[in-house]
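The values are calculated or read from the model by the stated rules, or taken from the named source; none is laboratory data. Everything quoted here is computed from the prediction, not taken from an experiment. Cβ sites come from the backbone with ideal geometry, for glycine too, and all protein chains shown count toward neighbours. Accessible surface areas use protein heavy atoms only, side chains included; no ligands, DNA or RNA. Shrake-Rupley method; radii C 1.70, N 1.55, O 1.52, S 1.80 Å.
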Amino acid sequence: MILGRRLQDRRLAAGVSLEAAAKALRVTSLTVRRLEKAEVALKPLYVERLLEKYGADAQEIEEFIALAEQANEPGWWYAYRDVLPSWFSAYVSLESGAVTLRTYEPHYVPGLLQTHAYARAVLQGGFPNDSGDELDRRVDLRLRRQSLLDHPDAPTLWVVMEEAVLHRVVGSAEVMRDQIDVLLTAMERDHVSIDVVPFTAGAHVGACAPFTYFRFRERELPDVVYSEILSASVYLDQRADVVAHLEAHNRMALLTSSGQSKALLNRMRKEYS
């Protein structure tokens, strides 16, 4: 995505139209647009011809091609492609590159904070036809994602979840108790915030589908919001859509506090004892 934006900036700075760029590659202007939007891989030959058209020197072309080849290398999650839905692979990529993650979850504990037993129970319910091996790989993928929070440059994670999440018995009472322990421990980390919206909050602006907001360090990348339905997902990067979700997240967080959330978690833990 970053290289696509840079390629577009280079074309605009050179005053080259989409049509002229496409002619240099002997492709349609749609293909060039898809290259700039990172909807297709950046082929080194295409990159070289485009940059030559834009007046780039040999060193710039060489450096850009090296970055393109690096960008085309599959991420660690590619090894799980057999159990990773195509519409979710982009999520894992965005998650790995974000500096800020803000999540709203009305149904389950977010994947980055799930225990092994909780994750297995959730995935078993979501993929009832999986074999044991397939389920194991899905769980392994989810737990590998969690290492993101242990990195020295870990992103900030702000979770807003509904109290209903804590009442939904996933696995067993023991699984729920252990899961709540993990949430309480996570709340002590400087880069993790967890707010639990109580039932007493009533109707509110965010009572809708789960979503996650991503912000990145690189200026070329826009903020992105991900939301999902049963069998697909949507990625939003239009400013109005992103702002609407951020405002909803902010409003929901005001319905509770860190102290109230911790007290609610402790109360629910006792109920599972």
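For the reader, a short list of remarks on this structure follows.
- Computed from Cα positions, the angle between helix 44-53 and the longest principal axis of the chain comes to roughly 50 degrees.
- Sulfur and carbon atoms: percent of accessible area, the stretch 153-267 [1.4 Å]: 53
- Derived scalar couplings between HN and Hα for the stretch 190-206 equal 4, 9, 10, 10, 10, 10, 10, 7, x, 4, 5, 5, x, 5, 8, 5, x Hz in order, rounded to whole Hz, by the Karplus curve 6.51 cos²θ - 1.76 cosθ + 1.60 (θ = phi - 60°), x for Gly and Pro.
- For the chain, the dipole from Cβ point charges (+1 on Lys and Arg, -1 on Asp and Glu) about the Cα centre works out to 480 debye, to the nearest 20.
- Solvent-free Debye scattering, log10 I(q)/I(0), computed from the Cα coordinates of the stretch 137-243 at q = 0.22 Å⁻¹: -1.59
- Lys, Arg +1 and Asp, Glu -1 on Cβ, resulting dipole of the stretch 156-236 about Cα centre, debye, nearest 20: 140
- Rounded to 10°, Cα long-axis angle of helix 86-97 versus longest principal axis of the chain: 90
- Overall size of the stretch 90-136 from C-alpha positions, given as principal axis extents largest first: 35, 22, 16 Å.
- Under 5 Å from the amide H of I194 lie the amide H atoms of V159, each residue being 5 or more positions distant or on a separate chain, with H modelled from the backbone and absent for Pro and chain starts.
- In the stretch 130-198, the ratio of gyration radius to Kirkwood radius, Rg to Rh, stands at 1.01 when only Cα atoms are counted.
- Average Cα contact separation per residue, the stretch 32-113, under 8 Å, 6 or more apart, as relative contact order %: 21
- Note that the stretch 75-197, at 25 °C in a medium of 0.890 mPa s, gets a Stokes-Einstein diffusion coefficient of 162 µm²/s from its Kirkwood radius over C-alpha pairs.
- Structural descriptor for the stretch 204-273: relative contact order 26 percent, calculated from alpha carbon pairs under 8 angstrom and at least 6 residues apart.
- Rolling a 1.4 Å probe over the heavy atoms of the protein chains gives the stretch 105-144 an accessible area of 49 Å² per residue.
- For the stretch 105-164, the Stokes-Einstein estimate of translational diffusion at 20 °C and a viscosity of 1.002 mPa s comes to 170 µm²/s, using the Kirkwood hydrodynamic radius over alpha-carbon pairs.
- Rolling a 1.4 Å probe over the heavy atoms of the protein chains gives the stretch 18-66 an accessible area of 61 Å² per residue.
- The residues of the stretch 153-273 have, on average, 52 Å² of accessible surface per residue, using a 1.4 Å probe with all protein chains present.
- Full extension of the chain between S93 and T28 yields a length gain of 20.6 nm, computed as 0.36 nm times the residue separation minus the alpha carbon distance.
- Here the relative contact order of the chain, from alpha carbon pairs under 8 Å that lie six or more residues apart, stands at 19 percent.
- Kirkwood-Stokes translational diffusion coefficient of the chain, alpha-carbon pairs, 4 °C, 1.567 mPa s, µm²/s: 62
- Percent carbon-and-sulfur accessible area, the stretch 1-118, ignoring ligands, DNA and RNA, probe 1.4 Å: 51
- Derived scalar couplings ³J(HN,Hα) [the stretch 11-22; Karplus, 6.51 cos²θ - 1.76 cosθ + 1.60; whole Hz; x for Gly, Pro]: 5, 5, 5, 7, x, 9, 6, 4, 5, 5, 5, 5
- Residue-span extension gain [Q260 to E134] - 0.36 nm each, minus C-alpha spacing: 41.5 nm
- Beta bridges assigned by DSSP with both partners in the chain are antiparallel in approximately 55 percent of cases.
- Shown here is the pair-distance distribution of the stretch 8-66: with all Cα-Cα distances grouped in 5 Å bins from zero up to the longest one, the shares run 4, 21, 33, 29, 12, 1 percent.
- Derived scalar couplings ³J(HN,Hα) [the stretch 62-76; Karplus, 6.51 cos²θ - 1.76 cosθ + 1.60; whole Hz; x for Gly, Pro]: 4, 5, 5, 5, 4, 5, 5, 5, 5, 5, 7, 6, x, x, 4
- Zero-based 10 Å bins, Cα pair distances in the stretch 1-124, whole percents: 11, 34, 24, 18, 11, 3
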